[in-house]
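**Student:** One structure, as structure tokens, below. Some questions next.
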Amino acid sequence: MDLDAIDRRILRALQRDGRLPVVALAEQVGLSATPCQRRVKRLEEAGVIARYAAVLDPGRLGLPLQAFVMVALESHAEEVVERFHKALAARPEVLAAYAMSGEMDYLLHVLAADFEAYAEFALKALLRMPGVKETRSSFVLTALKPPGDVPV
């Protein structure tokens, strides 16, 4: 989808505040409300705006420990991969998961209350998932640049 300067201004504004009323959004981007609403709807329908969500602070919710876990599977057979994906999707501790190229097959972003909770997840859930051969965990000391806005 081709985006013009106004589309980009709309996207930047909505990334900062997804609850922005259309009238306020229109004012920020230099449009009247109706054309602004049409553009937002077009961006939603095209999938450029995938969803609206609140950004939560895991630490304030009792999940201050963050780990990045690399996972290698014992096989890349379709059945093994599908079973692993299904098991992974059922785990609320896994904030995000990425299939990777290179030495390891997956990178997981995991949240936990503390090291004990992480160890329980790793030993009783992750290492027992179908096809898991090896894991390597690294723990976040400080979030220097947490996930932010997509540059548009």
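**Student:** What value, in deg cm²/dmol to 500, does the helix sum -39500 (n - 2.57) over DSSP H runs of n ≥ 4 give at 222 nm once divided by the residues of the chain?
**Tutor:** Details: 5 runs with 55 residues, N = 152.
Counting only the DSSP helices, I get -11000 deg cm²/dmol.
**Student:** On to the next question. Among all helices in the chain defined by DSSP H, which have a length of 15 Å or more along the axis from Cα atoms plus a Kyte-Doolittle mean of at least -1.0? Can you show the working numbers first?
**Tutor:** On the way: long enough: 5-16 (17 Å, -0.40); 33-45 (18 Å, -1.38); 78-89 (16 Å, -0.29).
Helices passing the filter in the chain: 5-16, 78-89.
**Student:** Could you tell me the calculated FRET efficiency between S137 and Y52, based on Cβ-Cβ distance and R0 = 41 angstrom, to the nearest 0.05?
**Tutor:** Values: r = 32 Å, r/R0 = 0.79.
With R0 = 41 Å, the Cβ-Cβ based efficiency is 0.80.
**Student:** OK, next. Go ahead and run the numbers for FRET between E78 and D2, Cβ-Cβ distance against an R0 of 41 Å, rounding to 0.05. All intermediate terms of the calculation are to be shown ahead of the outcome.
**Tutor:** Details: r = 37 Å, r/R0 = 0.89.
Working from the Cβ atoms, E equals 0.65.
**Student:** Could you give the size of the charge dipole of segment 5-45 about its Cα centre, using +1 on the Cβ of each K and R and -1 on the Cβ of each D and E, expressed in debye and rounded to the nearest 20?
**Tutor:** Values: 9 positive and 5 negative charges, 17 e Å.
Here the size comes out at about 80 debye.
**Student:** Mind pulling up the Rg/Rh value for the chain? Radius of gyration and Kirkwood radius, both on Cα.
**Tutor:** Using Cα coordinates only, the ratio equals 1.09.
**Student:** Here's another thing I want to ask about it. Considering the dipole of segment 58-139 built from charges on the beta carbon (Lys and Arg +1, Asp and Glu -1) around the Cα centre, which of F139, P64, S101 is farthest to its positive end?
**Tutor:** It is P64, whose Cα lies furthest towards the positive end.
No value in this document is a laboratory result; all are computed from the given coordinates. Everything quoted here is computed from the prediction, not taken from an experiment. With ideal geometry, Cβ positions are generated from the backbone for all residues, glycine too; neighbour counts draw on all protein chains shown.
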